[in-house]
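Engineer: The structure follows.
The values are calculated or read from the model by the stated rules, or taken from the named source; none is laboratory data. These figures come from a predicted structure and were not determined experimentally. Here the Cβ is made from the backbone with ideal geometry for all residues, glycine too, and neighbour counts use every protein chain on show. Ligands, DNA and RNA are excluded from the accessible area calculation, which covers all protein heavy atoms including side chains. Shrake-Rupley method; radii C 1.70, N 1.55, O 1.52, S 1.80 Å.
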Amino acid sequence: MASVVDGLKPEIIWKHFETLTKIPRPSKHEEKILAYLKKFATERKLEIREDETGNIVVLRPGSGGGENAPTVIIQSHVDMVCEKNRDSEHDFMNDPLKLYIENGWLKAEGTTLGADNGIGVAAAMALLDMPDNYTLPPLECLFTVDEETGLTGAFALNGKILKGRTMLNLDTEDWGEICIGCAGGGDSSIHLPINYQNAPSDYLSFQLSVEGLKGGHSGVDIHEERGNAIVFISSIIDNILKNTESYLVAIEGGDKHNAIPREAFANIFIHPESVSDAQNSVSNRTKALKKEFGSIEKNMKVKFTGSEDSYEKCLSNESQTSLIGLLRTLPHGVLKYSHDVKDLVETSNNLASVKIENKNINIVCSTRSSISEALKSQRERIKIMSKAFGATTEQDEAYPGWAPNVSSPVLKTTTKIYTKILGKEPHICAIHAGLECGVIGEKVKDMDMVSFGPTIKGPHSPDERVEISSVNKFWDLLLKILQELSKK
């Protein structure tokens with residue numbers, strides 16, 4: 001049976017990437033992919049190092065004249081963000097992804113593709129598979145776990161399993177760019193206690209939904225000011241509660257801390273005499289949202305329909321007022337651009353998810369900044385806002401940013417080779433997304449790093465896709481950099 005990737009170049013990367021798409025690898029569930037990588041290394045008689053967290057390093061000796069060159073670390077993370085369209089029945093714990101090609105891009109049907117960071121993993125595997133006479137320096141291919149839910153693997157990395165001090169991170173998503181810095185970040189988990197009251201017997205049940213938004217990566221895409229389904233639905237609910245006799249029963253939206261929410265849902269009781277007013281409230285807010293966001297959120301759908309579901313309880317007046325007030329107060333989007341680097345988002349917040357858990361509403365915010373003091377300040381503001389509505393906030397340890405080093409030796413090498421391939425100088429930049437480089441740099445001192453990769457669009461959403469032609473260019477660049485580093 002013919003494969004979707006048959007004929008794509010470079011064959012060695014696409015072969016390994018297709019294999020990865022058949023192995024479940026959600027964040028925190030990387031057992032199968034790690035077992036596969038260990039088997040892959042063992043079959044090739046390559047040494048493996050592992051730490052207690054599950055991060056593994058596969059070693060390849062230098063070859064083709066590069067035997068005595070300094071060791072180079074090739075770094076990528078094995079987990080993927082598992083997002084799917086609401087009508088998809090895909091099971092990320094068991095099902096292989098369904099691949100297809102559209103206009104020069106590889107995509108997956110109704111789900112994320114896992115090119116972030118599967119292409120990087122596949123490239124590392126391809127390097128481990130290179131002929132013994134090919135010119136390469138000694139390699140330590142570092143495969144980290146659980147990057148997408150908070151850089152867990154990098155945070156817990158035992159730096160002693162790495163001997164190299166030059167690292168190529170393969171997790172940047174724009175061909176033509178070299179990344180030399182990234183934002184730090186941290187999550188806030190907000191717990192709002194709620195009280196229930198008996199559901200009014202004469203009210204009608206309705207379901208409200210906001211669907212079809214673009215979503216995307218809360219770092220890479222935040223500057224586009226895409227719609228946030230939680231922000232949208234809370235503004236609609238607010239309008240309903242203020243203009244009708246109604247009660248909120250439940251609300252849920254968003255999922256991953258690093259994904260901009262694409263969908264949100266709520267159940268509401270409406271007094272029969274207020275149904276028309278509620279419909280007008282929904283219609284008015286929908287028109288306003290489309291006027292503000294319609295040019296970018298072309299597929300946005302707001303539905304307000306009667307429901308046959310019955311509920312015994314609904315939120316009390318005080319609880320629903322506090323909840324909607326808090327959701328409407330918490331920030332989302334770009335909070336500040338850098339004064340020093342043109343168009344670089346310096347600080348942002350993603351209002352990532354909301355759901356009912358027992359007698360609490362749990363809200364998650366993901367804050368990023370390239371300035372540690374600004375990151376701390378914004379997280380303190382979130383605590384203050386939450387407390388004002390009676391909520392408590394738990395905040396995990398913030399992960400560090402990666403400070404740019406314009407004098408980096410590996411940057412000099414990468415820029416020289418990239419310029420020859422492009423015919424012009426590459427764009428050297430820092431990104432607002434979090435990369436493991438900053439954390440690894442804290443674990444392993446004096447690490448010299450750059451990050452680059454092929455073009456990947458729509459990461460963390462079912463619109464994720466990788467530009468096929470850029471993968472071949474990326475592979476050519478990677479090999480030439482390693483050949484140059486073999487001479488040292």
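Engineer: How big is the dipole moment of the chain about its Cα centre under a simple scheme where the beta carbon of each Lys and Arg is +1, that of each Asp and Glu is -1, and everything else is neutral? Debye, nearest 20, please. Don't skip to the end; give the middle numbers.
Structural biologist: Values: 55 positive and 68 negative charges, 222 e Å.
Charge dipole, the chain, about its Cα centre: 1060 debye, nearest 20.
Engineer: Tally Lys and Arg at +1 and Asp and Glu at -1 over the other residues with C-beta under 9 Å from the C-beta of Asn195: what net charge comes out?
Structural biologist: 0
Engineer: List the GluC sites (Glu not before Pro) in the range 1-75 that DSSP assigns to loop (not H, G, I, E or B) and whose Cβ has at most 14 other Cβ atoms within 10 Å. Which are they? Display every interim value, and only then the final one.
Structural biologist: Details: sites: Glu11, Glu18, Glu30, Glu31, Glu43, Glu47, Glu50, Glu52, Glu67; in loops: Glu30, Glu47, Glu52, Glu67.
Taking the range 1-75 and a limit of 14 other Cβ atoms within 10 Å, the loop GluC sites (Glu not before Pro) found are Glu47, Glu52, Glu67.
Engineer: Sticking with this one: Skip the ligands, DNA and RNA, and give the accessible area per residue of the chain with a 1.4 Å probe, whole Å². Spell out each step's value before the answer.
Structural biologist: Details: 20870 Å² over 488 residues.
Accessible area per residue: 43 Å².
Engineer: Right, next: Loop-only check: which trypsin sites (Lys or Arg not before Pro) in the range 422-464 are DSSP coil with at most 15 other Cβ within 10 angstrom? Kindly include the intermediate steps, with their values, before the conclusion.
Structural biologist: Details: sites: Lys424, Lys443, Lys445, Lys457; in loops: Lys424, Lys445.
Passing sites in the range 422-464 are Lys424, Lys445.
Engineer: Another question, then. Filter Lys84/Lys301; Lys301/Lys457; Lys420/Lys473; Lys22/Lys473 down to the pairs with a C-alpha to C-alpha distance above 20 Å, please. Spell out each step's value before the answer.
Structural biologist: Numbers: Lys84/Lys301 17 Å; Lys301/Lys457 23 Å; Lys420/Lys473 12 Å; Lys22/Lys473 25 Å.
Those over the limit are Lys301/Lys457; Lys22/Lys473.
Engineer: Between Ser276 and Asp91, what length in nm is gained on full extension when 0.36 nm per residue of separation is reduced by their alpha carbon distance? Display every interim value, and only then the final one.
Structural biologist: Details: separation 185, 0.36 × 185 = 66.60 nm, distance 3.99 nm.
Computed gain between Ser276 and Asp91 is 62.6 nm.
Engineer: Quick check: net charge around Asn472, other residues with Cβ under 12 Å of its Cβ, Lys/Arg +1 and Asp/Glu -1?
Structural biologist: Working: positive: Lys9, Lys473; negative: Glu11, Glu467, Asp476.
Overall, the nearby charge balance is -1.
Engineer: Does a label point 7 Å from the Cα of Ser377, set along Cα-to-beta-carbon, have any residues of the range 334-349 with amide nitrogen under 18 Å, and which are they?
Structural biologist: Hits in the range 334-349 for Ser377 at 18 Å: 334-341, 344-349.
Engineer: If you don't mind, another one. Looking at the range 272-324, which trypsin sites (Lys or Arg not before Pro) are in a loop (DSSP not H, G, I, E or B) and have at most 16 other Cβ atoms within 10 Å? Write down the numbers at each step before the final one.
Structural biologist: Working: sites: Arg285, Lys287, Lys290, Lys291, Lys298, Lys301, Lys303, Lys313; in loops: Lys298.
Answer in residue order: Lys298.
Engineer: Let me ask you something else. If you wrap the chain's Cα atoms in a convex hull and average its projection over all directions, what's the area in nm²?
Structural biologist: On the way: hull surface 95.8 nm².
With every direction weighted equally, the projected area is 24.0 nm².
Engineer: Could I ask something else about it? Using a 1.4 Å probe on the protein heavy atoms, what percent of the accessible area of the range 391-477 belongs to carbon and sulfur?
Structural biologist: On the way: 1770 of 3700 Å².
The value for the range 391-477 is 48 percent carbon and sulfur by accessible area.
Engineer: Only helices at least 15 Å long along their axis, Cα-based, and averaging 0.5 or more on Kyte-Doolittle count here, so list those DSSP H runs from the chain.
Structural biologist: Working: long enough: 31-43 (18 Å, -0.17); 115-128 (20 Å, 1.39); 229-243 (21 Å, 1.27); 275-293 (26 Å, -0.96); 317-329 (18 Å, -0.19); 372-388 (24 Å, -0.90); 409-422 (20 Å, 0.24); 468-485 (26 Å, 0.59).
Helix filter hits for the chain: 115-128, 229-243, 468-485.
Engineer: For Tyr337 and Lys387, FRET efficiency with R0 = 22 Å and r from the beta-carbon atoms, rounded to 0.05? Intermediate results must be reported in sequence, preceding the final value.
Structural biologist: Working: r = 28 Å, r/R0 = 1.29.
About 0.20, to the nearest 0.05.
Engineer: Further, regarding this structure: Using the crude model of +1 on Lys and Arg Cβ and -1 on Asp and Glu Cβ, and no other charge, please compute the dipole size for the range 342-417 relative to its Cα centre, in debye to 20.
Structural biologist: Details: 11 positive and 8 negative charges, 28 e Å.
The dipole of the range 342-417 has a size of about 140 debye.
Engineer: Over the range 152-231, what percent of the accessible surface lies on carbon and sulfur atoms, probe 1.4 Å?
Structural biologist: Numbers: 1170 of 2510 Å².
Result for the range 152-231: 47 percent of the exposed heavy-atom area is carbon or sulfur.
Engineer: Turning to a different aspect of this structure: Please give, to one decimal in nm, the separation of the simple spin-label points placed at Asp476 and Asn358, each 7 Å out from Cα toward the Cβ.
Structural biologist: 5.8 nm
Engineer: Got a sec? Which residues in the range 74-108 would a label at Ala35 touch, if it sits 7 Å along Cα→Cβ and we count backbone N under 15 Å?
Structural biologist: 93-95
Engineer: If you don't mind, another one. Quote the FRET efficiency, to the nearest 0.05, computed for Asp396 versus Glu308 with a Förster distance R0 of 41 Å and r equal to the Cβ-Cβ distance. Intermediate results must be reported in sequence, preceding the final value.
Structural biologist: Details: r = 41 Å, r/R0 = 0.99.
It comes to 0.50.
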